[in-house]
Amino acid sequence: ARIAEEARIAEEARIAEEACIAEEARVVEEALIAEEASRKAAQELAEQIARDEADAQAAEVDEKMARLDIAFAAAEEDALRRADELFNLGSSVDQIRALYSEGILLQLRLVPRMSDVHSQVPAVPEPVVNWEEARAVAEQLEEERFPSQAQAAVVDEAGNLAARLTAFYFEHNALMLETVGDVSRKFVGKEIELNDALRRKYQCDLTSMAEQQAAAVAEQADADSVAARRMVWEQEEEFADAHSDAASVASVDMEPMSDVVWKAMGLLEGMGFTDRAVNLELLKKHNNVVEATINELVC
């Protein structure tokens, strides 16, 4: 029993000692944290003070520079006024130069500026014509000139052929584009032979391609014209007044118009027949045959 009591007392003493050590460690840690926080606060305060001092110094320097600029401008204005007064009183430029800087003289235009010197328009020399050379060129025979008119015509023809051949190959065989120059020079003046060769290989030649392109352009123009007229008519009908001419058109038994009817209406209006109701009735009567409709309108 005595040994157990001693062991219990020793255990309690150990626990109490550990608790004391832990408390001491906590107190030390708190002291370190407080010291670190105080150090950081002091450092931040010192940095803020340094920034404030730097800002104050910069503001003071800016203020001094602004005052200096104002004072310099006032002094320069005063110097200009005094130098101008001296010049008006009869002082020479050399006398004023002895008192004031070259900049003052330049501002008063007492000495020429570089810009004034360079702004002067230089004299343009008269063109010199070599009359003997000009006469020799005029008297030169046509066949001796280079390039002659015939040579210039060949060059123009080759360029035109190359342009059309480029468009042709671009559509039918892009791999041949790099040969356009050689082919054009070879077949200049021989377009019939070139067209024969192109027809055998591509079932198309430069002439037929140009016709196809012209037909496509004309067809597109007609389609654009029909679309434009349709849009105009639809807008007019949408905003037409109840008592306008659209009422008479609306009174007719109208059906949705096809592209053929729209195109026929455009042709009739383009020829001056602007009564839409009559045009629609006659087109319906003659199955959209424009010639028959025009014959009846004329009669």
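The values are calculated or read from the model by the stated rules, or taken from the named source; none is laboratory data. None of these values were measured; they are calculated from a predicted model. Quick reminder, even Gly has a Cβ in these numbers, built from the backbone with ideal geometry, and neighbours come from all protein chains shown. Accessible surface is based on the protein model in full, side chains and every heavy atom, while ligands, DNA and RNA are left aside. Shrake-Rupley method; radii C 1.70, N 1.55, O 1.52, S 1.80 Å.
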For the range 44-103 and the range 172-226, what is the separation of their C-alpha centers, rounded to whole Å?
-> 79
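What ranking, highest mean first, results for peptides 189-196, 157-164, 24-31 when packing means the other Cβ atoms within 10 Å averaged over each residue?
Working: 189-196: 13.8, 157-164: 15.4, 24-31: 10.0.
Descending mean neighbour count gives 157-164, 189-196, 24-31.
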Excluding residues fewer than 8 places away in the same chain, name every one of the lysines whose C-alpha is closer than 29 Å to that of residue 284.
-> 263
Quick one: how many Å² of residue 52 are accessible to a 1.4 Å probe, rounded to 10?
-> 80
Would you list which lysines come within 28 Å of residue 190, measuring only between C-alpha atoms, while excluding same-chain residues fewer than 8 positions from it?
-> 201
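Tell me the volume per residue, in Å³, of the convex hull enclosing the alpha carbons of the range 1-46.
On the way: hull volume 1.0 nm³, N = 46.
So the per-residue hull volume is 22 Å³.
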Protein-only accessible surface order, largest first, of 108, 283, 267 at 1.4 Å | 267, 108, 283
Residue by residue through the range 167-180, which ³J(HN,Hα) values in whole Hz follow from phi under the Karplus form 6.51 cos²θ - 1.76 cosθ + 1.60 (θ = phi - 60°), with glycine and proline marked x?
-> 4, 5, 5, 4, 8, 10, 7, 5, 5, 8, 4, 6, 9, 4
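Tell me, what is the FRET efficiency for residue 166 and residue 258 to the nearest 0.05, using R0 = 35 angstrom and their Cβ-Cβ distance as r? Spell out each step's value before the answer.
Numbers: r = 40 Å, r/R0 = 1.14.
About 0.30, to the nearest 0.05.
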